[in-house]
Amino acid sequence: MKIDSLPWVVFGISMLISTIVFSIFLVEKSIHDEKEFQTITENFEKRILVKIETSEQILMGFKAFFAGSEKVEPDEFESFFKIQNIENRFPEIQGIGFIEYIIDEDRKNVINQEWEKLGLDYRIHPEGVREEYFPVTLLQPVNYRNERAIGYDINTEKIRQDAIENAILTREQTVTGKIILVQETEEDVQFGFLILLPVHDIDKTSENYGELLGFIYSVYRMNDFIEGIFVPTDVEHLRHVQMQIYDNIKAEENLFFDSGNLQSFEGEKHFVDIKTISFGNRDWVLSFQGETTHGTSLIELAGVGMLDYGLSILFTYVTILLTKNIQLSRKITKKEKIAVIGEISSRLAHDIRNPLSNIRMSIELLQKEKVINENQEFFNKCNIIQKNVDRISHQVDNVLDFVRSRPIEKKDMSVKECISEGIQEAKIPNNIKVILVGDYQTIQGDPIQLEIVFRNLLINSIQAIGKKLGTIKITINDEGDFLKIVFEDSAQMLSQDQIENIFEPLSTTKEKGTGLGLVSCKQIVESHGGEIFAKADPTRFIIKLPKQ
């Protein structure tokens, strides 16, 4: 071989190797992108399922309320609705109400007369004589939209009628097909759906025992319902991933929701994923099309690879990519674990919260009774029950703080004042002294969510100290662009192993802890652009928050 031909040989071999390696890279990139796309779609699916299951738990709570009452008056229904704080906790719900089953024309006339006596402009409609009526007789909240639905006989429309028949036949929660709600006005018209839960007479002494009384039902406008599952990062996702939801089967006339109506789709339809959600005797078909949020055209990648990268860089980049795939797999596994924990925890938390509300309300009513007030032993026992309800409520709040994703709403706030509010909320016992040292430093932050962090850390210290005499020292230090907040208590020190795993889900040092409180703290602090970590000897929790 001639010496002057050697560079060409080396060039040819290097180009061949570069081409082979770059081809492997392109395949890995495609696999990586598809996996990320699947992660996005699975995340949307899981959040929709959790939202649906939460709706079922809410209806079960209202059904239990009906079961515990001989007759539910409108003012009682309104009070229970407000106690549950439905409007603030679940803004995607248009309303919750009761549909009465009527087969007696006299009963229909009585209802109309009762409304007339109360001066309410409601009547069972549409007009006409029918064998059966299913009018909306209770509905909260009372607003302009919902007032249009009170008195409406839902059995007069085919899709709603089919849902009634399914619910009666299965005696289970049933979802209607795609409908236009009676509540819709001329502005922002959306498709909607109802969830019906049958209510039967469970009084064994009643001559109507076992018979259908009606339905507890919830009302949803589809766009509002789906927007309720979104978090801030979804705005970017929806630019690259189009989500469409179809009622029952994928057909143009069954299109229920299109994310393009909320956020313009700007991506390429490289990937497609179809999922089916079955619930309430109904199927929703979820159709996803698009790309990842970090998609890059193959032409750009090939150009950069052919022009700028040598053999060593290509091998290095492939190694980095493979490492990223491993990290992504681990990240996905952890996200799936947290998602499953969140789904189960949310379900359990809502199962517990409804009976807790009833217990709390019953105790408050008992404590107002003269017989209880005059008997110190009974009154003390009521206080014990009240304290235990508060304790369980704190555990439930920890679970819900972990499950719920809230957008950060920053504003000027005093950290010292926020910590002081946390101290008030934590209910410091007499055996513990709290020392707060630092200036009234102002930062840009969400005071509501940061107060959750400070309160959780305080409650952890209180529980760690127990009934012994102890102190909790909180120090606020200015460190230039950051504010450093240190929580230190006099409880028994944690081991290094405990410190390393303390922010992992379900990791707890307490016998009766959820293992989710510190996870919530970490999520909130990091969403502020800060960091939180723990140190041993002595045990300290250190938070660093940016001032801006």
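The values are calculated or read from the model by the stated rules, or taken from the named source; none is laboratory data. Since we're looking at a predicted model, the values are computed, not measured. Please note: Cβ atoms are built from the backbone with ideal geometry, for glycine as well, and neighbour counts cover all protein chains shown.
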> Quick check: anything in segment 462-471 modelled with pLDDT of 90 or more, within 16 Å of residue 541 (Cα to Cα) and surrounded by fewer than 20 Cβ atoms within 10 Å (Cβ to Cβ)?
Replying inline: yes
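One line per residue, one yes/no per condition, for (1) more than 16 Å from residue 238 (Cα to Cα); (2) over 17 Å from the mean Cα position of the chain (by Cα); (3) in the same structural domain as residue 217 (by TED's automatic domain parsing); (4) assigned to a helix (DSSP H, G or I):
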residue	(1), (2), (3), (4)
38	no, yes, yes, yes
45	no, no, yes, yes
49	yes, no, yes, yes
57	yes, no, yes, yes
77	yes, yes, yes, yes
81	yes, yes, yes, yes
>> Just the residues that are part of a loop (DSSP other than H, G, I, E, B) and under 23 Å from residue 211 (Cα atoms), please, taken from segment 83-116.
In response: 101, 103, 104
> Out of the residues in segment 462-505 that are farther than 19 Å from residue 435 by Cβ and aromatic (Phe, Trp, Tyr), which is nearest to the chain's Cα centre (by Cα)?
Replying inline: 503
> In segment 218-233, how many residues are modelled with pLDDT of 95 or more and either of a type in the set (Gly, Ala, Ser) or outside the structural domain of residue 163 (by TED's automatic domain parsing) (or both)?
Replying inline: 1
> Right, residue 139: of a type outside the set (S, T, N, Q), free of Cβ contacts under 8 Å to residues at least 24 places away in the same chain and out of contact with any His (no Cβ under 9 Å at 6 or more places or on another chain) or not?
Replying inline: no
> Mind checking whether some residue in segment 117-138 is part of a helix (DSSP H, G or I), of a type in the set (Lys, Arg) and within 16 Å of residue 59 (Cβ to Cβ)?
Replying inline: no
>> With touching a Ser or Thr at 6+ places or on another chain (Cβ under 7 Å), under 24 Å from residue 225 (Cα atoms) and free of Cβ contacts under 8 Å to residues at least 40 places away in the same chain as the only criterion, which of 159, 93, 83 stands out?
In response: 159
>> Which pairs turn up if I take residues in segment 424-443 that are closer than 18 Å to residue 473 by Cβ and look for partners that are loosely packed, with under 11 Cβ neighbours inside 10 Å with beta carbon separation below 9 Å, at least 6 apart in sequence or on another chain?
In response: 429/467; 431/467; 431/469; 432/469; 433/469
> Do we have residue 483 as at pLDDT 75 or above, surrounded by 18 or more Cβ atoms within 10 Å (Cβ to Cβ) and touching a helix residue (DSSP H, G or I) at 6+ places or on another chain (Cβ under 7 Å) here?
Replying inline: yes
>> Within segment 490-509, does at least one residue satisfy the condition of being surrounded by 14 or more Cβ atoms within 10 Å (Cβ to Cβ) and at pLDDT 85 or above?
In response: yes
> Just one of 215, 191, 225, 230 is touching an Asp or Glu at 6+ places or on another chain (Cβ under 7 Å) and of a type outside the set (Val, Ile, Thr); which is it?
Replying inline: 225
> Restricting segment 248-280 to residues that are in contact (Cβ under 8 Å) with a residue 40 or more places away in the chain and over 23 Å from the mean Cα position of the chain (by Cα), which is nearest to residue 167 (Cα to Cα)?
Replying inline: 248
